[in-house]
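Just so you know, all these numbers are worked out from the coordinates, no wet-lab data involved. This one's a predicted model, so the numbers in the text were calculated from it and none came from an experiment. A quick note on method: Cβ atoms are made from the backbone with ideal geometry, for glycine too, and the neighbour counts reach across all protein chains shown.
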């Protein structure tokens with residue numbers, strides 16, 4: 001990959017310089033065609049940058065409009081390198097759902113390729129595509145993208161979602177990060193599951209975690225982003241990023257406690273992203289177990305197994321242990337105590353306000 005600024009000084013084709021010199025001296029493309037003994041069509045291609053300057057043409061241009069042959073050959077090489085950089089950058093920008101990012105207000109309006117590239121560079125806080133690749137070269141290892149050696153559009157959608165979450169988190173103030181305080185506040189967080197409406201529990205969730213030094217961001221994902229939760233550190237503070245992807249209380253609260261599990265159990269230097277089974281390994285298993293037993297403590301697991309597909313029994317059980325019935329159903333479905341088609345009427349469903 002070429003290590004240079006994105007838009008180089010030589011982005012204008014050499015033919016533009018040739019045209020300017022010809023106009024200054026009153027020469028025409030026909031004159032140049034005759035001098036170089038080539039067709040008028042070839043001259044137009046040369047002037048537009050679509051015909052490469054070789055040693056013979058460089059010699060001819062030197063005699064016709066001035067400049068040394070080495071000047072024109074160097075000019076051509078620099079232009080071709082700039083074209084390659086632009087093509088790399090266009091391919092890079094195509095990783096991201098730009099039109100959706102514009103619609104959602106993440107990016108400024110970008111109507112052409114170059115403005116899209118600049119908008120994406122500004123969004124990620126980098127000056128060149130090289131800087132971005134250096135920053136995100138280990139993104140798969142850090143964010144559970146472990147199955148391929150090449151970035152794909154779905155990777156771009158997730159990375160855009162993570163970046164927007166980071167930018168939103170930076171707007172929030174909170175106390176110093178305190179892992180023990182987070183551990184202490186688990187019962188208060190668990191009690192929030194009994195609230196039915198996001199406008200009731202989201203502010204309280206954010207406030208409780210803010211007091212522990214954790215920033216919480218709820219961010220609707222773009223198409224192609226299958227992540228439903230993420231945890232990472234930004235400027236010394238942990239960020240819990242939630243997408244509400246499945247729009248149900250059991251999925252939402254399991255994700256919340258899963259991410260909290262990462263904060264309590266695991267390294268502060270790692271980024272965790274959860275979505276459609278791509279995140280695996282001991283740390284993910286540990287976070288899953290943490291979430292399961294935080295929501296339904298171990299002493300209630302045997303009773304859970306006796307409920308069956310009895311809605312009234314599930315509701316009584318949920319009330320007795322202080323969580324929402326939908327969460328109980330989600331855990332029962334996950335453990336195959338009931339099928340995924342049973343008891344879904346007990347789950348709380350949400351929808352995004354457009």
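What number, rounded to the nearest 500 deg cm²/dmol, is the helix-based mean residue ellipticity at 222 nm of the chain, given -39500 (n - 2.57) per DSSP H run of at least four residues and division by all its residues?
The per-residue figure over the chain is -16500 deg cm²/dmol.
I'd like the distance between the alpha-carbon centres of region 247-271 and region 73-140, rounded to an integer number of Å.
Spelled out, the Cα-based centre of one part sits 32 Å from the other.
Taking the chain as a Gaussian network, where each spring joins two C-alpha atoms under 10 Å apart, which residue of 289, 87, 56 fluctuates the most?
The residue with the greatest mean-square fluctuation here is 56.
How would you rank 332, 315, going from fewest to most other Cβ atoms within 10 Å of each one's own Cβ?
So the residues, fewest neighbours to most, are 315, 332.
For the pair residue 94 and residue 122, how long in nm is the line joining their label points, each one 7 Å along Cα→Cβ?
2.4
So if each residue of separation counts as 0.36 nm, and I subtract the Cα-Cα distance between residue 12 and residue 282, what length gain in nm does that give?
Taking residue 12 through residue 282 to full extension adds about 91.9 nm, to one decimal.
If you take every DSSP beta bridge fully contained in the chain, what fraction is antiparallel? Give it as a percent rounded to 5.
Among the beta bridges of the chain, antiparallel pairing accounts for roughly 70 percent.
Using 7 Å Cα-to-Cβ label points, what is the residue 235/residue 24 separation (nm, one decimal)?
For residue 235 paired with residue 24, the spin-label model returns 5.0 nm.
Taking 0.36 nm per intervening residue step and subtracting the Cα-Cα distance, what contour gain separates residue 37 from residue 353 on full extension?
107.0 nm
For residue 77 and residue 108, what does the FRET efficiency come to when R0 = 35 Å and r is the distance between their Cβ atoms, rounded to the nearest 0.05?
Plugging the Cβ-Cβ distance into 1/(1 + (r/R0)^6) gives 0.55.
Note down, for the chain, the three equivalent ellipsoid semi-axes (square root of 5 times each alpha carbon gyration tensor eigenvalue), biggest first, whole angstrom.
Each semi-axis is the square root of five times an eigenvalue, giving 60, 19, 16 Å.
Taking 0.36 nm per residue of separation and subtracting the Cα-Cα distance, what length does fully extending residue 173 through residue 299 add?
41.6 nm
What is the ratio of the Cα radius of gyration of region 178-346 to 2.2 N^0.38 Å, with N the residue count, to two decimals?
Ratio of Cα Rg to 2.2 N^0.38 Å: 1.01.
Taking the beta-carbon count within 10 Å as an exposure proxy, list 179, 19 from fewest neighbours to most.
Going from sparsest to densest Cβ surroundings: 179, 19.
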